[in-house]
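Asks: Handing you a structure now.
Every number here is computed from the coordinates shown, using simple stated rules; none is lab data. Everything numeric in this text was worked out from a predicted model, so none of it was measured. Reconstructed Cβ throughout: ideal geometry from the backbone, glycine too, with neighbour counts over all protein chains shown.
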Amino acid sequence: MKHRITLAVLGAAWAAVAQAQSAGSNVIGAGWFHLEPQDSSKPLTIVGPAAVAGQVPNTGASISNADTVALTYTRFFTDHVAAELVMGVPPRFKLDGEQALGPVGQLGSARQWSPAVVVKYFFGPPDRAFRPYVGAGLSYVWYSDVELSGNFQRALSTRFTGGANPGLRTEADVDSKWVPILNVGASYQINKNWGALLSVSYLPLKTTAHLKTYGTPLGTVESQSQFKINPIVGLLALTYRF
């Protein structure tokens, strides 16, 4: 009799897990994003006025890694196909000077917003606790709170006026982009409601930072720098099915 009860309990527990990732399931998740740019940059280029236009030789920059809170919502349309909305607290990336800009140190920073929708295909039957998947999707990336460091402001002042000029002011903005996403990962269902998620994504992201320096003898000087960011994004999250 005890064996029957034990088997019945185990059977009920297995049935609960079996329904965890089937058609119609909704899953929310919260966890940790780690963003690691595979970055490179082109030299700072002055685009106007024509008298000073051209590349500034040996100028480069690198982008720091970042960590932030991740939030996800997944809807299973079939036992194998699901769509996931991915969001998070916008991380702040730091931009550091390289080559001739190395002595300047940090050039600036910005917050990156990159909500995404990813369509996933889950392998294995829905009653399996561990299910790997592959996915692809689209993200819209934009930037806010773009700030330039005091050291970089002074370096631009020296470049355009030959010395420090407190009257000079430089503003910056960064282009927004639609970016494809490639994604692989796996989910593990702990019980009927709770589970875990681990994934790695790649975004082939290129963008351009635009600078405007006001108050120079030539008027407003416009410059720009192009970046390949191409971040690899790791996600570790705790999930809840409802």
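Asks: Among THR170, THR207, THR161, which one moves the most in a GNM of the chain with springs linking Cα atoms closer than 10 Å?
Replies: Looking only at THR170, THR207, THR161, the biggest GNM fluctuation is shown by THR161.
Asks: Separate question: Run the simple label-point estimate for ALA51 and ASN193 please: 7 Å along Cα→C-beta, distance reported in nm.
Replies: Placing both labels 7 Å beyond Cα along the Cβ direction yields 7.1 nm.
Asks: Still on this structure, please answer the following. Which residue fluctuates the most in the chain, going by a Gaussian network model with Cα springs under 10 Å, if the choices are PRO231, PRO115, PRO103?
Replies: Answer for the Gaussian network model of the chain: PRO103.
Asks: I've got another one for you. State to the nearest 20 debye the size of the charge dipole of the chain about its Cα centre, where the only charges are +1 on K and R beta carbons and -1 on D and E beta carbons.
Replies: Charge dipole, the chain, about its Cα centre: 660 debye, nearest 20.
Asks: Sticking with this structure for a sec: If r is the Cβ-Cβ distance from LYS42 to ASP145 and R0 is 25 Å, what FRET efficiency results, to the nearest 0.05?
Replies: My answer for the efficiency is 0.60.
Asks: So what's the gap between the Cα centers of the stretch 123-182 and the stretch 65-97, to the nearest angstrom?
Replies: 15
Asks: Which one of VAL47, SER201, SER223 has its Cα pushed farthest toward the positive end of the charge dipole of the stretch 2-241, where Lys and Arg give +1 and Asp and Glu give -1 at the Cβ?
Replies: SER201
Asks: Say each of THR158 and ALA30 gets a label point 7 Å from the Cα, pointing the same way as Cα to Cβ; how far apart are those two points in nm?
Replies: In this crude spin-label approximation the distance works out to 4.8 nm.
Asks: Still on this structure, please answer the following. For helix 150-161, what angle does its Cα long axis make with the longest principal axis of the chain, in degrees from 0 to 90 and rounded to 10?
Replies: The angle comes out at about 30 degrees.
Asks: Further question: Please give every one of the aspartates and glutamates within straight-line cross-link reach of LYS192, meaning a C-alpha to C-alpha distance under 20 Å, and leave out same-chain neighbours fewer than 8 residues apart.
Replies: Excluding near neighbours in sequence, the set is ASP79, GLU84, ASP127.
Asks: With each pseudo-label sitting 7 Å past Cα toward Cβ, what's the LYS212-ALA186 distance in nm, one decimal?
Replies: So the label points at LYS212 and ALA186 sit 5.2 nm apart.
Asks: What is the angle, in °, between the Cα long axis of helix 2-18 and the longest principal axis of the Cα atoms in the chain? Nearest 10 is fine, range 0 to 90.
Replies: 30
Asks: Report the convex hull volume per residue for the chain, counting only C-alpha atoms, in Å³.
Replies: That works out to 121 Å³ per residue.
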